[in-house]
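Structure first, commentary second.
The values are calculated or read from the model by the stated rules, or taken from the named source; none is laboratory data. Note that this is a predicted model, so its numbers are computed, not measured. With ideal geometry, Cβ positions are generated from the backbone for all residues, glycine too; neighbour counts draw on all protein chains shown.
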Amino acid sequence: MWLIFAFASAFFAGLTAILAKCGIQNTDSNLATALRTIVVLIFSWIMVFVSGTQHTLASLGITTFIFLVLSGLATGASWLCYFKALQLGDVNKVTPIDKSSTILTMLLAFIFLDEPMTWLTFSALILIGIGTYLMIQKNGAQHTTPTNKTWFLYAVGAAVFASLTSILGKVGIQGIDSTLGTAIRTIVVLIMAWVVVFVTGKQRTIQHIDKKSWLFLILSGLATGGSWLCYYRALQAGPASVVVPIDKLSILVTIAFSYVVFKEKLSKKAVLGLLLIVVGTLLLLI
């Protein structure tokens, strides 16, 4: 059953990137992240009360609470980096770097969660790494500008924090309902996001957000909420070293929609890279 939730998480995560890209085109990325998180928070707590798991809040252990908070902080940092990278760069280049967090996640799962690392797993990691490299490479005639370097750094930051999120979240949701764990983490993300907004003074730009951007930000938040609920339900029942790679297959959804919506085309080298990422991910399911 956790496999179904993992694939559902991938689908919603793929939609999130496209909807968010549409919503932040004319909006500060930090403010957009904070606004989206409000939607995710509401969605998450509705699911908590629908499932009736709010009664287990009182039995939450201090260790579980600490790891949920740390996971929330890592998520907030990952989001802030990711949506800044999306605002500055192309979806079909930012997303592969973000999804490369699979490699670090699996290494951390091997070290800290005692999840097995076989030759097949190692081969899959190599394929994913090579595929990511091919997808972010530019054609020989193109040169990297300072702006391109900036989006790259933000994308790498998003990947690192995303991997920490998975490991900390895996530990934090042991022994509690995954829906409640997701809702608690979202509170931390919301606080962190709005602190960043007020520190940078971007709260005054809310009045300048147009209706179209509001619509896409709300839809993006709903997609994120759906992805999170499915992801942590899968992570609670299945191994992180398998759930995380499946979730990263959202790259297929994202790339497909980026072609349709933003007309972003892949080079032959990028197509090969995407194929290697998918093959490497599928190897992990064997």
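Let me spell it out: the conditions are (1) closer than 24 Å to LEU222 by Cα; (2) in contact with a helix residue (DSSP H, G or I) (Cβ under 6 Å, 6 or more places away or on another chain), and PHE67 meets all of them except one. Which number is the exception? The failed condition is (1). When MET117 is tested against (1) in a helix (DSSP H, G or I); (2) modelled with pLDDT under 90, exactly one condition is not met: (1).
Quick check on my filter: what residues within the range 73-91 are more than 12 Å from SER29 (Cα to Cα) and either under 12 Å from the mean Cα position of the chain (by Cα) or among the aliphatic types (A, V, I, L, M) (or both)? Reasoning before the result, please.
We begin by selecting, within the range 73-91, every residue more than 12 Å from SER29 (Cα to Cα); these are 73-78, 89-91.
Across the range 73-91, the qualifying residues are LEU73, ALA74, THR75, GLY76, ALA77, SER78, VAL91.
Residues in the range 28-58 that are small (Gly, Ala, Ser), exposed (fewer than 15 other Cβ atoms within 10 Å of the Cβ) and touching a residue at least 40 places away in the same chain (Cβ under 8 Å): SER51 only.
If the condition is being farther than 15 Å from ILE18 by Cα, surrounded by fewer than 23 Cβ atoms within 10 Å (Cβ to Cβ) and hydroxyl-bearing (Ser, Thr, Tyr), then the range 242-281 contributes only SER267.
Restricting to the range 134-168, what's the tally of residues that are assigned to a helix (DSSP H, G or I) and either at pLDDT below 80 or closer than 23 Å to ILE277 by Cα (or both)?
At the first step, the residues of the range 134-168 found to be assigned to a helix (DSSP H, G or I) are 134-136, 146-168.
Checking which are either at pLDDT below 80 or closer than 23 Å to ILE277 by Cα (or both) leaves us with 134-136, 146-149, 151-167.
Total meeting the criteria: 24.
Residue count for the range 246-286 satisfying the condition of being outside any helix (DSSP H, G or I) and farther than 28 Å from TRP2 by Cβ: 5.
Scan the range 243-280 for residues that are in contact with a Leu (Cβ under 6 Å, 6 or more places away or on another chain) and modelled with pLDDT under 80 and the total you get is 1.
Checked against (1) of a type in the set (A, V, I, L, M, F, W, C); (2) surrounded by fewer than 24 Cβ atoms within 10 Å (Cβ to Cβ); (3) assigned to a helix (DSSP H, G or I), ALA223 meets all criteria but (2).
Can you say whether ASP98 is crowded, with 20+ Cβ neighbours inside 10 Å and acidic (Asp, Glu), as far as the supplied structure shows?
Numbers: crowded, with 20+ Cβ neighbours inside 10 Å: yes; acidic (Asp, Glu): yes.
In short, yes.
For THR75, the criteria (1) in a helix (DSSP H, G or I); (2) more than 22 Å from ARG233 (Cα to Cα) hold in every case but one, which is (2).
When you look at ILE128, is it at pLDDT below 85 and aliphatic (A, V, I, L, M), yes or no?
Working: at pLDDT below 85: no; aliphatic (A, V, I, L, M): yes.
No, not satisfied.
Do we have any residue at all in the range 197-205 that's among the hydrophobic types (A, V, I, L, M, F, W, C), buried (at least 24 other Cβ atoms within 10 Å of the Cβ) and part of a helix (DSSP H, G or I)?
no
Have a look at ILE191, ILE218, ILE184, ILE251 and point out the one that is closer than 22 Å to LEU113 by Cβ, under 20 Å from the mean Cα position of the chain (by Cα) and among the β-branched types (Val, Ile, Thr). I'd like the intermediate steps shown before the answer.
Details: ILE191 fails: closer than 22 Å to LEU113 by Cβ; ILE218 fails: closer than 22 Å to LEU113 by Cβ; ILE251 fails: closer than 22 Å to LEU113 by Cβ.
Step by step, each of ILE191, ILE218, ILE184, ILE251 is checked, and only ILE184 is closer than 22 Å to LEU113 by Cβ, under 20 Å from the mean Cα position of the chain (by Cα) and among the β-branched types (Val, Ile, Thr).
Within the range 86-94, can one find any residue that is in a loop (DSSP other than H, G, I, E, B) and either of a type in the set (Val, Ile, Thr) or over 30 Å from HIS208 (Cβ atoms) (or both)? Within the range 86-94, not a single residue is in a loop (DSSP other than H, G, I, E, B) and either of a type in the set (Val, Ile, Thr) or over 30 Å from HIS208 (Cβ atoms) (or both). Scanning the range 39-62 for residues that are hydroxyl-bearing (Ser, Thr, Tyr) and either over 14 Å from ARG185 (Cα atoms) or at pLDDT 90 or above (or both) gives SER51, THR53, THR56, SER59. Of all the residues in the range 116-140, those that are more than 18 Å from LEU282 (Cβ to Cβ) and buried (at least 16 other Cβ atoms within 10 Å of the Cβ) number 1.
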